[in-house]
């Protein structure tokens, strides 16, 4: 959505008001009307990765490079793919010799701006630079210093502090993602200052559910400490997880969040689960047993969801650290996580058979494997009440990616078995850009249905509001 | 296709004549011309699921709910996915306590009409309600009773009896689907009344080919009885199948119809086939052996097709009864059949190597896995004379689904290696709607080729007639 | 691209100048401008299959049938799929009784021209017939003889000799594909006549890397002879390959070319590689060992690329000789090579982890499995500097195929991680047609981005030139 003109910083660069709407004039005219119904709606951001500590501290953001370049894996991976070394972007393990001058990093980014042609990164960045920051010109080697200064100046003002931005961006809800072992102290502090229910945590237990992860034993130890429940047995481990979920619910959490390599939800019987857990405690787990345990725990998380109401968010199918060499050199989550083909029909069967029509269960599934849209996900969501299809995720959170999602799933699952737009944003500043783009793309899709006389305009208007605002709220439990 | 105005019941609600044609004005103008060449052609319905008994009895259809809601798995699954219990839709195993008042069921459906936005069910239903039944207004909670009364009134008139509709819908051929053990008495009766060759049976032996199906032994017993050939040996079983195929051919059948989980056609050698069959008779088949036998029998069905000329229709890749709990509660075929990834290149190799250029063999393959279109199915159909690609099937029998099919297969397989439009309709009333929609979508696809100067208009016109009428006839053997 | 009017032979048949550009008038207008920036650029043809001997001999091409029909597997497979026997097309193993009269073959092709509606073969052939040969009318039973005579007349003139066509087609570079055991005598001869660096060989070692191929032992013997290095040991075999690569580099080669069933690049340790090699020499290889060796050798080829700079071109995922019966009757490469699902994320991991950021390594990957575009290939190319995505290949080298490629990969990989247009042409005459079509389709894609305000026109213009000309050059090492 677009910041109202009066609030927009003054820069000479302007974006076209019809960007990302369909080119055909008749359809565009309809799309404009539909987009007009959603552009100014509040933002419901139920699945983000903004650090709660940043919000609680509410200090000015650092320089443009540390804010926009270094932590953005979309940006970093594209520059690296064209031969820019990680170190030139300030990316490296602690203690590595990397570029420390933010202005130098920013210049490198700006000089490679052409690489982002045709990508959503280009779209989001333009939106941030023009609509949020009001800079004077597109990035380039020539404009890099000017932009650096302009952005730095804005960031130093009170209006651009984190909590001011929550207002400015009209974020009705902002969910963070927090390890199951988080103290939630930042959320407690925010609640104490009146932000409870608006800035909320999300329960992410991945580190505890994947037995083969380095550090698992330590994390399970920390879990015991946080929950004040001994985790030296499988039953204690389950109870500790249950206890932490309760603590998250008490802190306002509405969902849990799960990254798994596969979508498998096959439960183990208790004896097997206990044995594998005990083996893992002794450091003696096979990869196959670890995988089986991860699947089993997904089933257990679903069972706990039926008890405490947290929506289960699942995004499977990504092979992490494709280059172990790069991970060793530069750390995780910097662009080497690559999708793999992902099966859902058989994988989700256990959980859907058991809880797919449970009135208290909500499962939102994301994918980066488009082949499952029409073949598996839409048919499943089109029959099981508990299942909602998450917005196109990650690499598919893009104009053509979102269009293909709607084209592939709507005819089988309709609109109301999707979650509406749920962003997955690491960059705080790009939250409005992403929601704005999704509203434009959905407006374009709905406009085509209207132009092809497959839908009436009044239906399209209410559906657009549903996709942008009502469905993302409905996919999560009501505030208690 | 559209019922001529003079024959159309008078209702206030009208559909746009350009619905489902492309939005771009130049392309739409071309599409209108192309659609004009096919809209009034007769319907060739070679793959339907209308009950022959309904046709033979030729009694008035029951109320709107029993006609349109209860038996339509598209409708039922969508309502269920949004929390409507099966019982409220009158769906349940024999003896279950389900809603018995058709008007109450109809009201539930109408009140949820918004769920079908963007789906082909919406499109088909609108066509049926307006073009065939001439009701006054779209379904809604407010109009439910009015529509129920209007439809009930039409259904009570002689023009809406089943055989009158065969004329009214201009069905040149209407194929039913019949178990291999069917007596075909209804078809005999219909033939005696002059409907032979127009209403024809289709040979469906699934229950006999999948050894692990509950009731297989009983079905094989019934097969023996119907064929008057002992089935206590594998050779007798084959001979009994052959005999039943002859009986179907004599009754006018033009095709066999096969639903398999996988497309595998690997033959067994006779010794293995006999051994597995004998084991199955003793109730001692492993799942792997049953799968191998299913694949083997698909090969044998192809071999028999080369002898008796029945076109082999294969639609693999659907996992039936995804929720065993739901199936136990409500029966089969009510929405819990979910697609899985399906391999064709290796799976069809045995049958295509053996019979792919046999002059008497026709194989029509359907899929609900779009990923095989450009990768496997179009390349295979583009070289083997026996193979024709079936119209997009089931979840893909939709405006965007059909468009994607043409876009993905035409460049490799051309138009003439497809079967043209072959519906797979359970709802008798929706047969015209489905053919009409296919004709519109194909017109739109051809119009784009013309608008992009990739095809001449005169070629597009004859191709449209081929897709709508000539190819579906050519994919099946001529009447003998 | 289009031959300038002055140079075009005079025929009455004309193609529309806007063919294959988008239909929507506003977008078409932009596309025309973009296409105008690339239509007259030279052609860089880095991946073709024109026979070097044909170029070196520089004799007139034979008749239309032997030039355009018999060797074109696209043409042959389509005619066969509609029941035309191979023999009627002059296709058969040496000594088979096949149609010998070129005019009869040509008539068969022309009479079936309608089969190619909607296919790229239609598009390419029209371009060749009109733009290159200036014939009077589209092919049909009626025009077959006229066209045969017109084409024969042109082919007899000096302007249509092979080397004259290299000029006429503005081929800046024309790469052939040559077995690793080729003498390269034709290239030496061409270089002696001033064509060095313009007509260049490509190193194709497939026959030597797949141990289970019939004739492998003989080929390895020939390798020893050509390289003058004994190949009775694995180390000698590696050294001989290295030596041949050097010879190819000396003859101007810029790339190696690899067809594998799978994309697997898992290396073996030396002991295993030696053992499998020694077993193969004794004719005692298992299929699994042969597959493992193929994968290992792909890794070794990548390692050698880092030493000698040849770009590694990989096109996996095709099952050759799907019908062994047809291959036995008619030979290889006549239409029975069918794609299979192909995994890249795990398969390419070894080579990308090892060499993905090596400054001297370039890997261009092609696929006929579209499902990998957005899921695996774009994410991989969007982070590893060495990887470039090859133009849509084979069945996907088509208007809609190329459009889907750009739509699926650009948002993740951008434009600059693709190779630009790299043809894979067996038909010399169709090289300009294919590049012209790619330039039109890319212009249409870029025009849509401009029309949707996702890209500026000046950016689209330079990007179009990059895709048509600069990127194909940049994907291969500079001339040494």
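Computed from the coordinates by the stated procedures, all read-outs in this text should not be read as laboratory data. If you're wondering where the values come from, they're calculated on a predicted model, not measured in any experiment. Note that we place each Cβ from the backbone using ideal geometry, even for glycine, and neighbour counts take in every protein chain shown.
For residue A:331, the label point sits 7 Å beyond Cα toward Cβ; its separations from the matching points on the remaining copies run 6.1, 6.1 nm, from shortest to longest.
Once the C-beta distance of residue B:274 and residue B:358 is scaled by a Förster radius of 22 Å, the resulting FRET efficiency is 0.30 to the nearest 0.05.
Using only alpha carbon pairs under 8 Å that are at least six residues apart, calculate the relative contact order of region C:338-431 and give it in whole percent. Could the numbers behind the result be given before it?
Numbers: 113 pairs, mean separation 26.4, N = 94.
Reported as a whole number, the value is 28 percent.
Listed highest first by mean packing, meaning other Cβ atoms within 10 Å per residue, what order do A:151-163, A:450-462 come in? Kindly include the intermediate steps, with their values, before the conclusion.
On the way: A:151-163: 16.1, A:450-462: 17.9.
Final packing ranking: A:450-462, A:151-163.
For the pair region C:160-195 and region A:206-267, the centres of their Cα atoms are 65 angstrom apart. Take every DSSP beta bridge with both residues inside chain C and express the antiparallel ones as a percent of the total, to the nearest 5. Bridges in chain C that DSSP calls antiparallel: roughly 10 percent. Per residue, the average separation of C-alpha pairs within less than 8 Å and at least 6 apart gives chain B a relative contact order of 21 percent. As a size descriptor, the averaged projected area of the C-alpha convex hull of region B:60-160 was calculated at 6.2 nm².
Sorted ascending by nearby beta carbons within 10 Å, beginning with the fewest, B:106, A:216 become A:216, B:106. Expressed as a whole percent, the proportion of Cα-Cα pairs in region B:333-401 lying more than 13 Å apart is 67%.
A P(r) calculated from all alpha carbon pairs of region A:174-273, with 5 Å bins opening at zero, reads 3, 13, 21, 22, 20, 12, 6, 3, 1, 0 percent. Sorted shortest first, the distances from the residue C:42 label point to those of the same residue in the other copies are 6.3, 6.3 nm; each point sits 7 Å from Cα along Cα-to-Cβ.
Residue A:26 label point (Cα plus 7 Å toward Cβ) to equivalent points in the other copies: 1.4, 1.4 nm, shortest first. I'd like the FRET efficiency for residue A:332 and residue A:474, computed as 1/(1 + (r/R0)^6) with the beta carbon distance as r and R0 of 35 Å, rounded to 0.05. That pair, residue A:332 with residue A:474, gives E of 0.55. In units of the compact-protein estimate 2.2 N^0.38 Å, region C:347-449 shows a Cα radius of gyration of 1.08. In the protein assembly as shown, the DSSP-assigned H stretches of four residues or longer account for a calculated mean residue ellipticity at 222 nm of -12500 deg cm²/dmol, using -39500 (n - 2.57) per stretch and the full residue count as denominator. Taking the number of Cβ atoms within 10 Å of each Cβ as an exposure proxy, the fewest-first ranking of C:308, C:269 is C:269, C:308. I'd like the distance between the alpha-carbon centres of region C:407-480 and region B:45-123, rounded to an integer number of Å. First find each Cα centre; the distance between them is then 51 Å. Need one word for the protein assembly as shown: rounded, prolate or oblate. Basis is the Cα gyration tensor (sqrt eigenvalues a ≥ b ≥ c); a/c below 1.5 gives rounded, then a/b vs b/c decides. Cα axes put the protein assembly as shown in the rounded bin.
Sort A:416, C:344 by Cβ crowding within 10 Å, fewest neighbours at the top. Please list the in-between numbers first.
Working: A:416 23, C:344 27.
Ordered from fewest to most neighbouring Cβ atoms within 10 Å, A:416, C:344 come out as A:416, C:344.
Kindly identify region A:262-385 as rounded, prolate or oblate by the Cα gyration tensor criterion: order the square roots of the eigenvalues as a ≥ b ≥ c, call it rounded if a/c is under 1.5, otherwise compare a/b with b/c, prolate if a/b is larger, else oblate. Verdict is oblate for region A:262-385. Along its three principal directions, the equivalent ellipsoid of chain B from the Cα gyration tensor extends over semi-axes of 35, 29, 21 Å, largest first.
Averaging Cα coordinates gives a centre for region A:271-303 and one for region B:334-391; these two points are 41 Å apart. Normalised by the number of residues in region C:61-158, the average gap of Cα pairs under 8 Å and 6 or more apart makes the relative contact order 30 percent.
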